[in-house]
Each structure stands twice: as structure tokens, then as C-alpha cells.
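One structure is given here, and the rest of the page talks about it.
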Amino acid sequence: MNKTYRFGLLGYPLQGSRSPDLHKAALQAAGLAGEYRLYPVEPGDIKRLEELLAHLRNGNLDGLSVTIPHKQAVLPLLDSLSETAHAIRAINTIYARDSRLIGENTDAPGFIMDLDKQGVSGRTCLVLGAGGAARAVVSRLKTNDWEVTVAARRTSQAEALVSEFDLSGACRLDSIPQANFDLIVNTTPLGMIPNEQSCPWEGDFPTGAFVYDLVYKPPETLLMQRARAAGLRTCNGLGMLLEQAALAFEMWTGYPANKDAMKRALA
Ligand code: NAP
């Protein structure tokens, strides 16, 4: 009998997630049967995380994606991490091998693959936020020779990233220095539904910067609207979402992910 794959997403909140569309399209294009379900798990609900991970360990699930706010919280519940995930200390993908749970980070390669596709060039970058996604983003920017400054509402969190990844500087989100950044990356959930009216940026933008918002719901965030009104190029996080999902799908199934089909599912 043909296998039916069972995947899912752990996070909170999950309304508006496009991950099911992406993975269903990839399954269909590969001629595989399966499903991708949303598992909302409130922040701090370790018991529920453990329950769902047990399903992965015993083979009732074939793969789990992890999103805000669990990318770091889930680490102590895993048996091992890939080299990438170990360096970043945050994961977004889990699979089981011989009943052992392995954490992987496909956000990092997914982000840099999409940044390349956007044709972004430059040297100086400001990353807004210092959580799980920020760790993936700064690790790849650093290995691609960007000078990275991190701004977070808790300076201590930004400073920790600076010392861990040997970055250029840290500051508070509400007192960003006037500087000519070539790239601004938002990794906070500000602007994401249900908080569409929030924005991580006040005031003028650096001339000529590219604004990359990891948020993709709504497709154009307030940050992107403001940047576009100031004449800047922008993109949302859908390209990164697609790339990281394609990598996860290939890891879970061993089949190539049809990115054209996945892209059509997002349209
Ligand atoms: P996370 O680990 O919880 O980190 C979020 C970061 O944003 C932390 O630094 C947090 O600071 C900060 N933050 C949260 N609420 C804030 C607020 N109201 N004001 C200022 N700062 C705030 O979450 P994550 O997993 O990194 O995800 C962050 C965002 O990126 C989410 O919107 C997620 O959907 C998006 N994302 C998109 C993709 C994609 O493929 N497009 C991939 C990954 C993530 P505190 O620690 O002080 O709360």
C-alpha cells in the first residue's frame, strides 16, 4: 500500500499560515499522498509540544515544521541537531531517524536563497528583532560577508547575537542610529496579522536600502508600505517561506520539491 505522509506545523498563532498550501502542492506534484496540519501550541505549553513530538518519534507523523514562538523552546526536547541548527541554536524543521528526533534549520539557507533571487547587493545590514528567525538570518548574512547590526526591544538579546555571531553592533529597536544601511530585514512579528497596524520602523529610511520583511501575512505589511512610499524596494517573506518549505519537504520525503507548483499554490 502507498504511504500517506503526515506533516504539521507547531506555532502560535497559526491563522493565515501558507505552509499547508505549499506542502500540499509539493506532495501533489511528487505524486504522493499526504496531509499537512496546523497544530497551534500556546507559548510555554511544553506538555503539548512533547505530545506532538512523541507522534513524530513513534512514526505517526513524518515531519514537523516549527514557527514562532517555539523555534528555541523546542531545542531541549530534541535528541540532536544538524550542524546548521547547532550553530544557529534555533530550528524550524524536525524529523525522526530510528526514533531519534533531529532538529534542522532550513530558514537560514531559505533566506539567503531568496535574498539572492531578489538581486540585493551591498555590505551593511540592519536586522530588526533577535529571536529564532533573526539567528538564522544573521548567521547567513555573516557568512556572506555582510556587516550586521541588530536592533531589538531588549538590548541584551541583540547584544547576545552580536557576541555569538561576531556582528558589528547592537541597539534598541526604538533608538536606531541614523546610518546608511543597504539592507533592512524585519524578523519581528510586528505587522503580522492580527497586528497589521504595528510597524518596527519609525521615521525616515536610509536612501536606497532594500527592505526585506520576513512577515508575509498580510502580503504587504505596514513596514513595506512605508518603505515603498519612500521609494525603496521591498519584499515579503513568501519567497523565504517557499525555499525553506522546499528544503524541509525534500528532507522528509527524499523526493525533489517542485518549486513551480509550490509557487503557483501561493499565487
Ligand atoms: P521569535 O523567536 O519569537 O522572535 C521574535 C523577535 O521579535 C524577538 O526578538 C522578540 O523580542 C521580537 N518581538 C516580538 N514581539 C515584539 C514587539 N511587539 N515589539 C518588538 N519586538 C518584538 O519569533 P521568530 O520565530 O523569530 O519569528 C519572527 C517573525 O518572523 C514571525 O512573524 C514569523 O512568522 C516570521 N518568520 C517568517 C519566515 C518566512 O519563511 N518568511 C521564517 C521564519 C520566521 P522578545 O524576545 O523581547 O519578545
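The values are calculated or read from the model by the stated rules, or taken from the named source; none is laboratory data. Since the model is a prediction, treat every value here as computed from it, not as a measurement. All Cβ positions, even for glycine, are placed from backbone atoms using ideal geometry, and neighbour counts span all protein chains on display. What goes into the accessible areas is simple: the full protein's heavy atoms, side chains included, and nothing from ligands, DNA or RNA. Shrake-Rupley method; radii C 1.70, N 1.55, O 1.52, S 1.80 Å.
Screening GLU243 on (1) more than 16 Å from the ligand (Cβ to nearest atom); (2) open to solvent by less than 60 Å² (accessible area, probe 1.4 Å) shows it passes everything except condition (1).
Table: residues versus (1) under 20 Å from MET262 (Cα atoms); (2) open to solvent by 40 Å² or more (accessible area, probe 1.4 Å); (3) in contact with a helix residue (DSSP H, G or I) (Cβ under 6 Å, 6 or more places away or on another chain); (4) touching a residue at least 24 places away in the same chain (Cβ under 8 Å).
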site: ARG6; (1), (2), (3), (4): yes, yes, no, yes
site: GLN28; (1), (2), (3), (4): yes, yes, no, yes
site: GLY34; (1), (2), (3), (4): yes, no, yes, yes
site: ARG37; (1), (2), (3), (4): yes, yes, no, yes
site: ASP79; (1), (2), (3), (4): no, yes, no, no
site: ALA96; (1), (2), (3), (4): no, no, yes, yes
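Taken over region 225-267, the criterion of being among the aliphatic types (A, V, I, L, M) and free of Cβ contacts under 8 Å to residues at least 12 places away in the same chain is satisfied by ALA229, ALA267.
Results for (1) in the same structural domain as PRO218 (by TED's automatic domain parsing); (2) within 16 Å of the ligand (Cβ to nearest atom); (3) closer than 30 Å to SER163 by Cα; (4) of a type outside the set (Ser, Thr, Tyr), shown as yes or no for each residue.
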| site | (1), (2), (3), (4) |
| --- | --- |
| TYR12 | no, yes, yes, no |
| ASP21 | no, yes, no, yes |
| LYS24 | no, no, no, yes |
| TYR39 | no, yes, no, no |
| ILE46 | no, yes, yes, yes |
| LEU61 | no, no, no, yes |
| VAL66 | no, yes, yes, yes |
| SER82 | no, no, yes, no |
| ASN92 | no, yes, yes, yes |
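With respect to being outside the structural domain of GLU147 (by TED's automatic domain parsing) and aliphatic (A, V, I, L, M), ALA267 fits the description.
Can you say whether LYS71 is in contact (Cβ under 8 Å) with a residue 40 or more places away in the chain, open to solvent by 70 Å² or more (accessible area, probe 1.4 Å) and either more than 30 Å from LEU232 (Cα to Cα) or not hydrophobic (A, V, I, L, M, F, W, C) (or both), as far as the supplied structure shows? In short, no. GLN225 passes every criterion in (1) part of a helix (DSSP H, G or I); (2) under 12 Å from the mean Cα position of the chain (by Cα) apart from (2).
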